[in-house]
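Take a look at the structure set out below.
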Amino acid sequence: MKPIQFISGSCQRVYQDYIDRCKRIIHILSDQDREDCLMEINSYVHEYMQDHQQDDEMNSLLNILDRLGPPETTLKEIVASKKIDQAVKTYHIKYLLQALILNLRNGVTYILLFLLTILVLIFPVLIVGKIIWPQQIGLWIGGGSFVFGMHDPENSASHELLGNYFIPVVLLIMITLYFLIIQLLKIVKSKKS
Amino acid sequence: MKNEFLKNWDTQLKKGLLPFYVLSALESKEYYGYELIQGLKAEFGIDVTESTIYPLLIRLMKEDLLTYKWVEQSSGIPRKYYTISEDGKIILDAMKTDLKNVLNKI
């Protein structure tokens, strides 16, 4: 993005401060989305300044920044929406978590999807646990109990069902659940819009 | 008091109709963001700010109702020109029908 050059140094500082605030808000977006966002904001400022060349430079700059609103508010919806796009396109867990956190206030569905994602993140702990404590981690059934995780077999009548298949089963559940979350996110996103 | 109620209602109505106004404006020609704001004021008499129009344009693009292209300018600061898509035209026609139905019932 080519920065706008102002006559007054004070205007340049105010403008740069606004652009820096925008950059802070959109830093979690992809490079392309970030550049697109900044170029568009820059274009609005530039066109307004061109249209008000006869007016006081600082006054015009403050007017357009006022019309654009605080970046934290104006760009919030855009960032949240673009982050969901990035998550469903890349299937990246980091982007999925960022998208869900940014959209937590946009409905109960996002909260539920966030909790499901946290659940997905717990599964690798079970896999590591199974490697360290193979006798205690598993799918325990019997004696009126059902435990998927850590259990003390000596103090109950339950028995472990999966044995060596525990890790592949956990992996399968984890992958299926993850794909399900992404698909649900796609559906929620299209319904919301 | 009544005037204030009417003013609020008018604001809400215009806000609700904004996507329709944007699609209508873009039906006749392509616009860049700042120009679109001026166009909406001239054509429909509505005053929208950049903080309203920018997120709306992004939303309409996500719905595939608009397309855009960056056009380089001599200033070195390009303009983002928006155009209504084929899907956008279909939705606009449906919006027009809906509005006509509403107005016919009044």
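The values are calculated or read from the model by the stated rules, or taken from the named source; none is laboratory data. All values derive from a computational prediction rather than experimental measurement. No Cβ is skipped: glycine too gets one built from the backbone with ideal geometry, and neighbour counts run over all protein chains shown. Keep in mind that these areas ignore ligands, DNA and RNA; they rest on the heavy atoms of the full protein, side chains included. Shrake-Rupley method; radii C 1.70, N 1.55, O 1.52, S 1.80 Å.
General remarks:
- Unique residue being touching a Gly at 6+ places or on another chain (Cβ under 7 Å), more than 26 Å from B:Trp70 (Cβ to Cβ) and either among the aliphatic types (A, V, I, L, M) or open to solvent by 80 Å² or more (accessible area, probe 1.4 Å) (or both) when the list is A:Leu139, A:Leu113, A:Leu126: A:Leu126
- Any chance B:Asp10 is within 14 Å of another protein chain (Cβ to nearest Cβ) and either touching a helix residue (DSSP H, G or I) at 6+ places or on another chain (Cβ under 9 Å) or open to solvent by 50 Å² or more (accessible area, probe 1.4 Å) (or both): no
- Residue selected from the stretch A:1-33 under the condition within 14 Å of chain B (Cβ to nearest Cβ) and basic (Lys, Arg), by the criterion most open to solvent (accessible area, probe 1.4 Å): A:Lys2
- Test result for B:Glu35, under 21 Å from A:Ile4 (Cα atoms) and either within 14 Å of another protein chain (Cβ to nearest Cβ) or touching a residue at least 24 places away in the same chain (Cβ under 8 Å) (or both): yes
- In summary, helices (runs of 4 or more DSSP H) completely within chain B and bearing 1 or more residues that are of a type in the set (Ser, Thr, Tyr) and under 23 Å from A:Leu75 (Cα atoms) occur at B:2-28, B:33-44, B:50-62.
- Boolean, B:Thr97 is closer than 16 Å to A:Arg67 by Cβ and β-branched (Val, Ile, Thr): no
- So A:Lys191, is it in a helix (DSSP H, G or I) and at pLDDT below 85: yes
- In the stretch A:34-82, residue surrounded by the most Cβ atoms within 10 Å (Cβ to Cβ) [restricted to those that are in a loop (DSSP other than H, G, I, E, B) and more than 10 Å from every other protein chain (Cβ to nearest Cβ)]: A:His52
- All positions within the stretch A:87-106 that are buried (at least 21 other Cβ atoms within 10 Å of the Cβ) and in a helix (DSSP H, G or I): A:Ala87, A:Leu96, A:Ala99, A:Leu100
- Test set (1) at the interface with chain A (Cβ under 10 Å from one of its Cβ atoms); (2) under 18 Å from B:Pro19 (Cβ atoms); (3) surrounded by fewer than 19 Cβ atoms within 10 Å (Cβ to Cβ) - B:Val48 fails condition number: (3)
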